[in-house]
Amino acid sequence: MATTRPVVLVTGASSGIGKEAARAFVTAGFEVIGTGRKTSGLTPPAGVTYLDLDVASDDSATAAVGEVIDRFGRIDVLVNNAGVGSAGAVEENSVAQAQNVLNINVLGVIRMTKAVLPHMRAQGGGRIINISSVLGVAPQPFMALYVAAKHAIEGYSESLDHEVREYGVRVLLVQPAYTKTSFDTNAAQPDTPLPLYAERRRVFDEVIADAMKGGDAPAVVAKVIVTAATDKKPKLRYAAGPLASRVTTARRLVPAGVFDKQIRKNNRLPT
């Protein structure tokens, strides 16, 4: 059943930024398919079709994209939003935990991208919007696995954008800062905790909790995602919200030593 409306596939759309993005795309006139690992029993927002998808599975990614193509005839925009948070010092995260975080946050993006690219090239255009973070350009102690994943997505997206631009496909980045979701409470905790990091971890939890309270509403990020999808002259990177704009600008313009000291001050680390 082909549609005359543009089609967007939003991963991780059962809550938070993804759910708000799905709503915003409906308002913008898109045919919207949102995904989650288990969507049975969930009520999608009006105008959104839910689909099961596990981005950690090659077969699931391929099947989900195939189902959308079969039902709607096209995919114009892919929003790679699904992801998992992580906390703890690097020494406290096992290699297995690192593999899980990177499998979802990096390889999940790669799986979905590889699944949609042949269709987008065949139709002569499309946009892939990868949800990065200000932590894709800045460090955050006690979140190194998550930060590594977002840095990887930044480099992957910029490189891929050059490869596919001649086929009418653009790969764009949206960089939120702290957002009022359950992201922090659902983050994977260290699976090999060490007593020497316990106090630092406690302080980190306080810092993040305070930051989340003052974070942007998911709808703020959703609006920027739709802008990236619809801009006639798209930019490679879109900072989502005032704090994201300040951090990304500071990373470019502030001297490295000054930026380093500010990171330590913000995280209550000894200078």
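Report the residue count in the range 118-134 for those that are touching a helix residue (DSSP H, G or I) at 6+ places or on another chain (Cβ under 7 Å) and not in a strand (DSSP E or B).
Summing the residues that are touching a helix residue (DSSP H, G or I) at 6+ places or on another chain (Cβ under 7 Å) and not in a strand (DSSP E or B) in the range 118-134 gives 5.
Considering only residues that are open to solvent by less than 20 Å² (accessible area, probe 1.4 Å) and out of contact with any strand residue (DSSP E or B) (no Cβ under 7 Å at 6 or more places or on another chain), look in the range 103-114 and name the one that is farthest from residue 63 (Cα to Cα).
Per the stated criteria, the residue is 105.
Restricting attention to the range 123-142, does a residue exist that is closer than 22 Å to residue 88 by Cα, open to solvent by less than 20 Å² (accessible area, probe 1.4 Å) and in contact with an Asp or Glu (Cβ under 7 Å, 6 or more places away or on another chain)?
Taking every residue of the range 123-142 in turn, at least one turns out to be closer than 22 Å to residue 88 by Cα, open to solvent by less than 20 Å² (accessible area, probe 1.4 Å) and in contact with an Asp or Glu (Cβ under 7 Å, 6 or more places away or on another chain).
Of everything in the range 185-196, what is open to solvent by 50 Å² or more (accessible area, probe 1.4 Å) and not hydrophobic (A, V, I, L, M, F, W, C)? Give them in sequence order.
Pass one, the range 185-196, residues open to solvent by 50 Å² or more (accessible area, probe 1.4 Å): 185-186, 189, 191-196.
185, 186, 189, 191, 192, 193, 195, listed by residue number.
Residue under question is residue 249, and the condition is that it be free of Cβ contacts under 8 Å to residues at least 60 places away in the same chain, β-branched (Val, Ile, Thr), open to solvent by 80 Å² or more (accessible area, probe 1.4 Å) and closer than 24 Å to residue 145 by Cα; does it hold?
no
Looking only at residues that are touching a Lys or Arg at 6+ places or on another chain (Cβ under 8 Å) and not in a loop (DSSP other than H, G, I, E, B) in the range 135-153, which one is farthest from residue 115 (Cα to Cα)?
This residue is 135.
This table checks each residue for (1) part of a helix (DSSP H, G or I); (2) closer than 25 Å to residue 91 by Cβ; (3) modelled with pLDDT under 95.
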site: 193; (1), (2), (3): no, yes, no
site: 208; (1), (2), (3): yes, yes, yes
site: 222; (1), (2), (3): yes, no, no
site: 227; (1), (2), (3): yes, no, no
site: 234; (1), (2), (3): no, no, no
site: 238; (1), (2), (3): no, no, no
site: 250; (1), (2), (3): yes, no, no
site: 257; (1), (2), (3): yes, no, no
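What are the residues in the range 52-71 that are surrounded by 20 or more Cβ atoms within 10 Å (Cβ to Cβ) and either more than 17 Å from residue 113 (Cα to Cα) or of a type in the set (Gly, Ala, Ser) (or both), if any?
Correct list: 61, 64.
So, in the range 37-51, of the ones that are small (Gly, Ala, Ser) and either at pLDDT below 95 or open to solvent by less than 10 Å² (accessible area, probe 1.4 Å) (or both), which residue ends up farthest from residue 83 (Cα to Cα)?
Here the answer is 41.
Scan the range 74-89 and tell me whether some residue there is open to solvent by 20 Å² or more (accessible area, probe 1.4 Å) and acidic (Asp, Glu).
Looking through the range 74-89, at least one residue is open to solvent by 20 Å² or more (accessible area, probe 1.4 Å) and acidic (Asp, Glu).
Taking residue 165 as meeting all but one of (1) at pLDDT 95 or above; (2) open to solvent by 50 Å² or more (accessible area, probe 1.4 Å); (3) touching a helix residue (DSSP H, G or I) at 6+ places or on another chain (Cβ under 8 Å), write down the number of the exception.
(3)
The values are calculated or read from the model by the stated rules, or taken from the named source; none is laboratory data. What you see is a predicted model; the values in this text were computed from it and never measured. Every residue, glycine as well, gets a Cβ built from its backbone with ideal geometry; the counts of neighbours run over all protein chains shown. Only protein heavy atoms, including side chains, enter the accessible area calculation; ligands, DNA and RNA are left aside. Shrake-Rupley method; radii C 1.70, N 1.55, O 1.52, S 1.80 Å.
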